[in-house]
Structure formats: C-alpha cells, structure tokens
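The structure appears right after this line, and notes come after that.
The values are calculated or read from the model by the stated rules, or taken from the named source; none is laboratory data. Model, not experiment: these values are computed from the prediction. For neighbour counting, all protein chains shown are included, and Cβ atoms are generated from backbone atoms with ideal geometry for every residue, glycine included. Protein only, heavy atoms only, side chains kept; ligands, DNA and RNA dropped before computing areas. Shrake-Rupley method; radii C 1.70, N 1.55, O 1.52, S 1.80 Å.
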Amino acid sequence: MNHHLRRRLAESITALERGDISVLSAFDSPSLSHIIGLTGSPGVGKSCLTSAIVTELRARGRTVAVIAIDPSSPTTGGSLLGDRLRMGKHRSDAAVYIRSIASRGHLGGASSSTPLVLSLLERAGFDTILVETVGVGQSETEIRHLADTMVWMTAPGLGDDIQAAKAGVLEVADVLVVNKSDLQGADETAEQLRSALHQAPAVGVGQWQPEVVCTSAVDESGVSEFLDVLDRHLAAEGADARRALREKRFGQVVVELSLDQLRERILTAAKPDGRPLVECIVNRLARGEMELGDAVAHVVEAVTR
C-alpha cells in the first residue's frame, strides 16, 4: 500500500465518521474480507495478541487492516499511545493498515461508525480485517453482528471472566482464546471453558462447534494453530452467508444514518415547542411503530405550526 492510498483511506474513514457515505464509491474491490472480532475484558492481552496475529497473517501472505476501538478521546487518541504502540512494528508494512476509532460512548464494544469503516476496508481489498474492541464486558456481544468470526479472549486467573462467559458470551463466540498461556493455570482455564461449552446451548453455524485455543503473545506460541481454527470457521460459514450479512448490515446502517440526518435537519427547522414531538415521531418511525406517511404528516405539522 503506497502513501497515497493510506492517505485516501485515512481521509475516507474520517469522512465516514462524519456520516458521509459517498466516499465508499471510491473503493470497489469485489472480494470478501475475513472480518474477525476480538473481544474480552481489559488485561487479557488483546493488543499484544492482535500484533502477533498480524505477524502470522503477513507470514501467510495476507493483507491486513486493524480497527482498534478506542474508549478515550477522539482528539488525543488516548490509549492508542499506550497499549496499541505494541502494534507499531507493523506500521511500516505496506500491506498492513492500522486505525483507531473512538467509541464516543457507544455501547456494545464497537463504534457507531464501525460498520461503515468495515465496508470501506473490505472495498479497499484487505484479505483480513481485525476489529479489536474496547474491552468493557458482556455488552461487547454487539461485535457478533459485524464480524464473520467472533473471538472471545480471557487469561489464566480471571475466574470472574469465566462466570461472565457462562452468562452469555459463550453463546455468541465462535472461538475462545486463553491468552497468556505461558502463565500458571492456563490449562485449567481452557478446561473450564471447554466444560462450559459442553453445557451451553448449541451455537455457531452449521456443524461448527466453538473451539478453545491457548496462545501466548509473548513468544507467539499457539498463534498459527489459532489462525488455522479461524480459517476452518470461515470455511464452515460459507461465502453466501457472509454476503447476506454484509447486505443486511449495510442496509441497516444506511437506514439508521439517514434517520439520524433526517432528525437533525427536522429539529433544526422545527420551532422550539415542536422539537420534542419531532424527536418522538422520528424515534417511533425508527422502531417501526409508525408508517412513513403518518410520520411525515405529523412532522410537517410540528415544523409549520
């Protein structure tokens, strides 16, 4: 990737964060990327493992984009200057693109602009896209609706994580990783997860059953085996299902974005005493509780009266 393309990507992502989806038309790769969501509580080593994954993917000849959802200030970059400097060694690699996106308080571990950014990077032709979430707990299951493969990470000694996983994360994860497997208790943690999976309702796609993998970002052990598991899951999912996911996700995002823009324009035009009504109408329209024609009539009344 040359400097010009990097700059185009950076400028386009900034535009998407502002709601301008027209920039998507500048990228037209027909290929499907493997979108991998990496989630888990703070301290499990997501950034270190992400860096190790990038190294292994590049060794396999694949181009990689990394989206790191940053919980801190979009102005300062926040923890990108701390944890994510661990990925700094890849920044000179022309086949790797790394971008941090501020969550701006968005729940679910992702950012409201993440689906659009994923669409852009896929259209730019990256083989693999890694999405590293902020690490805030069970609400991160939202990444499930964005990724082809969802990976949930833990580390030895985090008993509370295992209990939380039993409460819901195990039902949506495709692959579970015990990172920092060089530490004592890794095998026991992995066995606890396998036992929990055995007791959990069937998840995954087709005949796929979630797998538990042990890795260590320190010496990169287990990373190659981990990627083999990811490839097997991708094959089990199938290209048709992935295309359907893309279409559904992009359609939802465009509708939500259009509604947000519509709300802002109408609220700007409405008289002060009519704004609460407009907000209520647009929200009901978004939830499917009101027909478009009725909503328009009520909005016109609120704006003009």
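By accessible area of protein heavy atoms, probe 1.4 Å, what ranking do V296, V66 get, highest first?
Ranked list, largest accessible area first: V296, V66.
If r is the Cβ-Cβ distance from E225 to E247 and R0 is 30 Å, what FRET efficiency results, to the nearest 0.05? Could the numbers behind the result be given before it?
Details: r = 33 Å, r/R0 = 1.09.
The computed FRET efficiency comes out at 0.35.
Given a Förster radius of 25 Å and the C-beta distance between H145 and R8 as r, what FRET efficiency does 1/(1 + (r/R0)^6) yield to the nearest 0.05?
On the way: r = 28 Å, r/R0 = 1.10.
It comes out at approximately 0.35.
Show me 234-244, 51-61 ranked by packing, highest mean number of other Cβ atoms within 10 Å first. Don't skip to the answer; put the middle values down first.
Working: 234-244: 13.2, 51-61: 17.9.
Those peptides, ordered most packed to least, come out 51-61, 234-244.
For region 13-62, what does the accessible surface come to per residue with a 1.4 Å probe? Please give it in Å².
Values: 1860 Å² over 50 residues.
Heavy-atom SASA per residue in region 13-62 reads 37 Å².
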